[in-house]
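The structure under discussion appears below in the form of structure tokens.
The values are calculated or read from the model by the stated rules, or taken from the named source; none is laboratory data. Nothing here was measured: the structure is a model prediction, and the numbers come from that model. Neighbour counts are summed over all protein chains in view; Cβ atoms, including those assigned to glycine, are modelled from backbone coordinates with ideal geometry.
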Amino acid sequence: MTDYDKVLSPTGRQLHESAIRRMGTVVARTADLVSFAAGYPDPSTFPWTDLREITNELLNGSDGSTLQYGPTRGYKPLLEAILGVLQARGITAPLEDVIVTSGSQQGLDLVARVLISPGDVVLVELPAYTGAISAFKNMQAELVGVRQDPDGIDIEDLDAVCLRERTAGRRVNLLYLVPNFQNPAGRLLSLGKRKRLVEWAERRDVLIVEDDPYGALYFEDVATEAETRPIRADDDHGRVIYLSTFSKTLAPGFRVGWMVAPATLIERFDTAKQAIDLTSGILDQRIVHQAILRGVIDRLAPALRDLYRRKREVMEQALHAELGDRLTWLVPTGGFFLWAKLAPGYDDVSLLERALEQRLVFVIGSAFYVDGTGHDRIRLSFSAPSVERIQEGVRRLASAMAREAVNSQ
Ligand SMILES: Cc1ncc(COP(=O)(O)O)c(C=O)c1O
């Protein structure tokens, strides 16, 4: 048999698999599994009727450009509509500063390819989104963690870590952040810190990669739209690369996201993207464009906020009822995730093994930490399962914790 290992490149050999994707394989194989693992939107929210109408119209015509290759930068009417979406979030940007990407995950990959040299330090939060960890590691970045406070990244620690790494002779050009309802910790970065971060990035000559898939999904009982104002909205120095997506506010199957950056960087991202996919799916882009134009996305947003807020409440109530003080958490004020701290004595990996025996899956906390810690945390996603499945999943978690406690005695 051919030894394929010997044909792998250094990059191919050390490719970083996402822990969450790996969980996906388990989900597909196990019958009657409750999944709190992947951060999928609730499929009942997909606006089927509108999408059917739009798609029918697009495919009923004979305009070849609907199914033709499109520009790498993106379908121009969609780019223009994105400028409107940005404006509503407080960001004013010219067309040259925007590129459509195949999901914001591709934006992270483009950032990594264009801006990271092997051995560069990228500063990330403790904990950080695994998809970003994978994209940066694939380009052989050294990921160095910065502590979080309840209101987001600890700026004193950030500065200390940056200076420490530079003093050790390393290049530090990038800070990666998810300011709105962070994946996984659900935290909302305070407005005061957002302002300070732009000043900090200017002072220390660092670029901030601001990843914002969840900003529109704030819970109206505990957060406001004003609190989700992107860092990019107050960046007058060209310090922020802003990424967002229609995955959580319309549907992830379209794979349509976008990136905002100074035009000179966008040109580089455009050139790199040419070699990856030539263009993001043009039919997807046209459907999303029509969904924006017809107000589908704007109409959907309040219902999504309400639905995910209710699901968070259901999960919290069930956890309080079933688990008492064996789990603690900071109430998420938006997004898809409840980030739970395990009582002393529990370990994320062995608890997951017990949970799988109960047909429950979640993501282990340590998957999100670049410093090898986080074994006292788990990420529970409440977005996709129904209310009944959330309650059932929490009952299974309680059984798993009871068995784990018995086992470790
Ligand atoms: C923080 C964060 N960034 C990026 C992504 C990728 O989203 P997309 O579907 O737009 O590629 C996700 C998806 O879960 C995410 O949580």
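Some observations on this one:
- Identity of the residue in the range 119-139, in contact with a His (Cβ under 7 Å, 6 or more places away or on another chain) and of a type in the set (S, T, N, Q), that ends up farthest from the ligand (Cβ to nearest atom): N138
- Listing of helices (runs of 4 or more DSSP H) fully contained in the range 23-118 that carry 3 or more residues being over 20 Å from R294 (Cα atoms), within 15 Å of the ligand (Cβ to nearest atom) and within 25 Å of the chain's Cα centre (by Cα): 103-115
- Of all residues in the range 50-96, those satisfying the criterion of being under 18 Å from K273 (Cα atoms) and of a type outside the set (S, T, Y) are Q68, G70, P71, R73, G74, K76, L78, L79, L95, E96.
- Residues in the range 253-284 that are over 26 Å from L115 (Cα atoms) and surrounded by fewer than 21 Cβ atoms within 10 Å (Cβ to Cβ): G253, I282, L283, D284.
- Selected residue (only one of L175, L191 is within 15 Å of the ligand (Cβ to nearest atom), at pLDDT 95 or above and of a type in the set (A, V, I, L, M, F, W, C)): L175
- Flag for R170 being in the same structural domain as D109 (by TED's automatic domain parsing) and assigned to a helix (DSSP H, G or I): no
- Beta carbons closer than 8 Å, at least 6 apart along the sequence or on distinct chains, pair a first residue in the range 95-106 that is in the same structural domain as L250 (by TED's automatic domain parsing) with a second that is of a type in the set (F, W, Y) and assigned to a strand (DSSP E or B) for V98/W258; I99/W258; V100/W258; T101/W258; S104/W258.
- R164, sole failed condition from (1) within 16 Å of the ligand (Cβ to nearest atom); (2) over 22 Å from L380 (Cβ atoms); (3) assigned to a helix (DSSP H, G or I): (1)
- Qualifying residue in the range 149-162 (condition: of a type in the set (V, I, T) and within 29 Å of V288 (Cβ to Cβ)): no
- Selected residue (criterion: farthest from I287 (Cα to Cα)) from residues of the range 227-272 that are of a type in the set (S, T, N, Q) and within 16 Å of the ligand (Cβ to nearest atom): T228
- Considering the range 36-72, the residues that are aromatic (F, W, Y) and within 19 Å of G103 (Cα to Cα) include one that is surrounded by the most Cβ atoms within 10 Å (Cβ to Cβ), namely Y40.
- V114 more than 19 Å from G12 (Cα to Cα) and not assigned by TED's automatic domain parsing to the domain that holds V331: no
- The residues on offer are D371, D284, D298, and the sole one that is over 18 Å from Y40 (Cα atoms), at pLDDT 95 or above and touching a Ser or Thr at 6+ places or on another chain (Cβ under 9 Å) is D284.
- Subset of the range 143-154 (residues that are buried (at least 18 other Cβ atoms within 10 Å of the Cβ), free of Cβ contacts under 8 Å to residues at least 40 places away in the same chain and more than 15 Å from the ligand (Cβ to nearest atom)): V146
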